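Nothing in this text is a laboratory measurement; each read-out follows from the coordinates by a stated rule. What you see is a predicted model; the values in this text were computed from it and never measured. When we count neighbours, we look across all protein chains shown, and the Cβ atoms used for this are built from the backbone with ideal geometry, even at glycine.
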Amino acid sequence: MRGLSCALVALALLSPVLARAEPLPEAHPKPPPSSHRNPSSPSSKPSAEPRAPRPSLPPVAFLPAVLAEGSARRPPSQSEPDVLLMATGLDALLSDTAQDLGLDVDLTYRAPASSGDLLESDLVEQARSMNKILVAPSLELLPGGDVEIRLLLSDPRARALKLRVERVERDDLAVRAVVMLRDLVLEARSFGSTPAVAIAPGSEAPRGVLATPAPSAGRATLAINATLWGGVVGFSIQRASGSDDPRLLYPLLAVGAGIGLGGAIIVAEEWDVGVGDAWYLVSGAWWPTISAHLIYEGRFADLPGGTALGDERWTFGLIGSTAGITLATLGLTRRGMSEGGALLAHSGGGLGFVLGGLTELAARGDIYRVPFAGMGYGAGLGWLAAAAAATIAPVSPSRVLAIDLGGIVGGLGGAALGSPLLFGEPTADQQRAWLGITAGSSLLGAGVAWYLTRAAPKTRVEPRGAGIGVPLPAILGESVIKNRRAPVIGLEWRGNLSL
C-alpha cells in the first residue's frame with residue numbers, strides 16, 4: 001500500500017507535466033476544415049508554424065541509492081532494514097516516475113558493486129561512454145529523524161552535472177523525490193532548446209546573474225544593531241576623553257552610527273549573513289558591553305576619587321564591546337550559526353545576569369542592595385560559556401525557549417515558596433536561604449525543561465532472517481503497437497535472498 005500511495009502522489013504531482021506532453025502523431029492527420037464562404041480564409045490553409053515536438057532525451061539509467069555519511073558513501077547494509085527499505089523504495093519510485101515523465105528507462109541496466117565509490121567526474125565520463133543519462137540518488141540521515149535526499153543527474157550532452165538537494169521528513173521523502181526528479185527532467189529537456197540571442201553591433205552583451213545569490217537574510221538585523229552600536233561607541237569615545245562639549249558629541253555620534261551602518265552593509269554584501277549569524281554578532285556586541293559597565297559600577301564607582309574616575313566606565317564599555325565582537329567573529333569562522341545557537345548565546349547572557357546577581361546577594365546577605373558586580377560578572381561569563389557552546393552543539397530555538405521558560409517558572413515558584421522567610425525583619429541567613437531556594441528552583445526548572453525536550457532515542461530493529469524487501473507496484477516495461485503505447489504493470493521485489 002505504501003508503494004501504491006507513493007505512485008498516486010507521483011501521478012498527482014506530475015499531472016501538470018503530463019498535461020503539457022505532446023500526444024502521439026496519427027498515421028493520417030486530417031486536414032483542417034475549409035470555409036465555404038471564403039475559400040481563402042485562414043482556416044483553409046495549413047498552419048505555417050507547426051508546433052515544435054518535445055525534445056527527446058537519451059535513455060535514462062538509475063544507480064542504486066546509497067547512504068551518505070559525510071564525504072563517504074556506501075550501500076545500505078542488511079543490518080539496517082529501515083534504511084534498506086527506504087533506499088529500495090526510492091529506487092522503485094524514481095524509476096516509475098521517470099517512465100511517467102515519458103523517459104526511456106533502461107530497466108536492464110545493473111550498476112556495478114562499486115557504483116557508490118564513483119566520483120562526480122566519473123559519473124560524467126560514464127554517462128558519455130554509455131550515451132545515457134545517469135541519475136545517482138543518495139540519502140543522509142540527519143539528527144532528529146530528518147533525511148537529506150540528493151539527486152545527481154549526469155547528461156551525456158552536457159559538461160556539467162545537475163544537482164538537487166533537499167532536507168525533508170521521512171514521511172515527505174517520496175513526494176519531494178518526485179518533485180526533484182521532475183525539475184531535473186524539465187531542466188534536461190530545456191538543454192540546447194534556448195535559441196541564441198542576436199546581439200546588435202555596438203550593443204552590450206547581456207549580463208548573467210549569480211546562480212545562487214547571497215540572500216543575507218540577517219541584513220536588517222545586522223544593520224540596525226550595527227548603527228546603534230556605532231552610536232554607542234562614538235558616545236563612549238567622547239565621554240572617555242573627558243569632554244562634554246556637544247559640538248564634539250553629535251559629530252562623533254553621526255560618524256560612529258555611519259561607520260556601523262556602512263560596515264554592516266559591506267559585510268552583508270560580501271558574505272551570506274543569516275539571521276542566526278546576525279543575532280550571534282549582536283550578542284557579542286551588547287552583552288560584554290553591559291557586563292563591563294556593571295562591573296565598573298559595582299567595583300570601582302564607590303572607590304575614593306570615583307567622581308574623577310567616572311569617565312572610565314566608558315573605557316570599560318569600549319574594552320568589553322571590542323572583546324565581545326572579536327570573540328563572536330572568531331566563533332563564526334568555525335561554521336555558520338543557526339538561530340538556535342544565537343538564541344542560546346543571548347539566553348546565556350540573561351541567565352548569567354540573574355544568577356550572578358543572586359550569587360552576590362547571597363554572599364553579602366543583603367537583598368536590598370543592587371548587585372551590580374555580580375550581575376556584570378554573571379552576564380559576561382554566561383554569555384561567553386553559551387556562545388562557546390553554540391559553536392559546538394546545535395540546538396533548536398524552541399528548545400532554548402522551553403529551557404528559558406522552565407528556568408523562569410521554576411525561579412518564580414521557588415521565590416514564592418520561600419517568601420515566608422522574608423516576613424518581618426529577615427536575618428542574613430534567612431535571606432541567603434530564600435536566595436538559595438530561588439536559584440535552585442530556577443536551575444531545577446531549566447533542567448526539567450531540558451530533559452523533557454531531549455530528542456527521542458533511536459530504536460534499532462534487528463533483522464530477522466533474510467534481508468528481503470517488500471513487493472512494490474512498478475511499471476516493468478512498455479508495449480508499443482504502431483502508434484499505441486501501453487505500460488506493463490507488475491510487482492517489483494528486491495532484496496538479498498542469501499541467509
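Can you tell me which residue within segment 65-78, out of those that are within 26 Å of Val105 (Cα to Cα) and in contact (Cβ under 8 Å) with a residue 60 or more places away in the chain, is nearest to the chain's Cα centre (by Cα)?
Here the residue is Ala68.
For the condition of a type in the set (Ser, Thr, Tyr), in contact (Cβ under 8 Å) with a residue 40 or more places away in the chain and farther than 23 Å from Tyr377 by Cα, what is the one hit in Ser338, Ser283, Ser243, Ser291?
On the way: Ser283 fails: farther than 23 Å from Tyr377 by Cα; Ser243 fails: in contact (Cβ under 8 Å) with a residue 40 or more places away in the chain; Ser291 fails: farther than 23 Å from Tyr377 by Cα.
Going through Ser338, Ser283, Ser243, Ser291 in turn, the sole match is Ser338.
Could you give every pair whose Cβ atoms fall below 6 Å, whose first residue belongs to segment 418-434 and is under 11 Å from Asp366 (Cβ atoms), and whose second residue is assigned to a helix (DSSP H, G or I), counting only separations of at least 6 or pairs across chains?
Filtered contacts from segment 418-434: Arg432/Ala362.
Are any residues in segment 359-376 of a type outside the set (Val, Ile, Thr) and surrounded by fewer than 21 Cβ atoms within 10 Å (Cβ to Cβ), and if so, which ones? Full working, then the answer.
Our first condition is that a residue be of a type outside the set (Val, Ile, Thr); within segment 359-376, this holds for 360-366, 368-369, 371-376.
Those that are of a type outside the set (Val, Ile, Thr) and surrounded by fewer than 21 Cβ atoms within 10 Å (Cβ to Cβ): Ala363, Arg364, Gly365, Asp366, Tyr368, Arg369, Phe372, Ala373.
From (1) over 25 Å from Ser347 (Cβ atoms); (2) not in a helix (DSSP H, G or I), pick out the condition that doesn't hold for Val273.
The single condition Val273 does not satisfy is (1).
Among the residues of segment 420-438, how many are part of a helix (DSSP H, G or I) and either aromatic (Phe, Trp, Tyr) or more than 13 Å from Ile408 (Cβ to Cβ) (or both)? Let's see the steps before the verdict.
Keep residues of segment 420-438 that are part of a helix (DSSP H, G or I), which gives 420-422, 428-438.
Now narrow it down to the ones that are either aromatic (Phe, Trp, Tyr) or more than 13 Å from Ile408 (Cβ to Cβ) (or both): 420-422, 428-437.
Number of matching residues: 13.
Do you know which residues across segment 407-438 are surrounded by fewer than 14 Cβ atoms within 10 Å (Cβ to Cβ) and either in contact with a strand residue (DSSP E or B) (Cβ under 9 Å, 6 or more places away or on another chain) or not charged (D, E, K, R) (or both)? Full working, then the answer.
In the first step, residues of segment 407-438 are kept if they are surrounded by fewer than 14 Cβ atoms within 10 Å (Cβ to Cβ); the result is 416-417, 419-420, 423-425, 427-429.
Ala416, Leu417, Ser419, Pro420, Phe423, Gly424, Thr427, Ala428, listed by residue number.
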